[in-house]
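Structure, as structure tokens:
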Amino acid sequence: QVQLEESGGGLVQAGGSLRLSCAGSGRTLSTYAMGWFRRAPGKEHEFVGAISWRVNTNYADSVKGRFTISRDNAKNTVYLQMSSLKPEDTAVYYCAEGSRYDYTEKYDYEHWGQGTQVTVTS
């Protein structure tokens, strides 16, 4: 069974950038869609974006044009490059495995990582 581990979170000022990583172990991620979600305090999980095994991408409107998802199959890792960060991007970010990159609901994904905290200060 695959295990996912997010990293790269931290504290950043508004307007700054961060790159999150989601490393897989146990088996390859290359044939699966991978999604990124986030959960802000007191809120439900929110879809951020996803990437298919063919490298098609899908983004939430709130991050479109600012966030980019990519994958490196040789490293069995998926990335979330975040730019022009805003305080409202503050959340714990999670990666998870899905069957389709155009799925945007939490229940469509499985094998969730533990998450990495991103805090954006104004």
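The values are calculated or read from the model by the stated rules, or taken from the named source; none is laboratory data. Quick caveat, the model's predicted, so the values are computed rather than measured. For neighbour counting, all protein chains shown are included, and Cβ atoms are generated from backbone atoms with ideal geometry for every residue, glycine included. Each accessible area value is taken on the protein alone, full model and side chains, heavy atoms only, with ligands, DNA and RNA left out. Shrake-Rupley method; radii C 1.70, N 1.55, O 1.52, S 1.80 Å.
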Grab the beta carbon distance between residue 27 and residue 117, set R0 = 30 Å, and tell me the FRET efficiency rounded to 0.05.
0.65
With a cut-off of 8 Å between alpha carbons and a minimum separation of six or more residues, what is the relative contact order of the chain in percent?
36 percent
Tell me, what % of the accessible area of the chain is carbon and sulfur with a 1.4 angstrom probe?
44 percent
Given a Förster distance of 25 Å, the FRET efficiency implied by the Cβ-Cβ spacing of residue 72 and residue 40, rounded to the nearest 0.05, works out to 0.35
Placing +1 at every Lys and Arg Cβ and -1 at every Asp and Glu Cβ, with all other atoms neutral, what dipole size does the chain have around its Cα centre, in debye to the nearest 20?
280 debye
Counting only DSSP beta bridges with both residues in the chain, tell me the antiparallel percent, nearest 5.
90 percent
For the chain, dividing by residue count, accessible area per residue (probe 1.4 Å) in Å² works out to 53 Å²
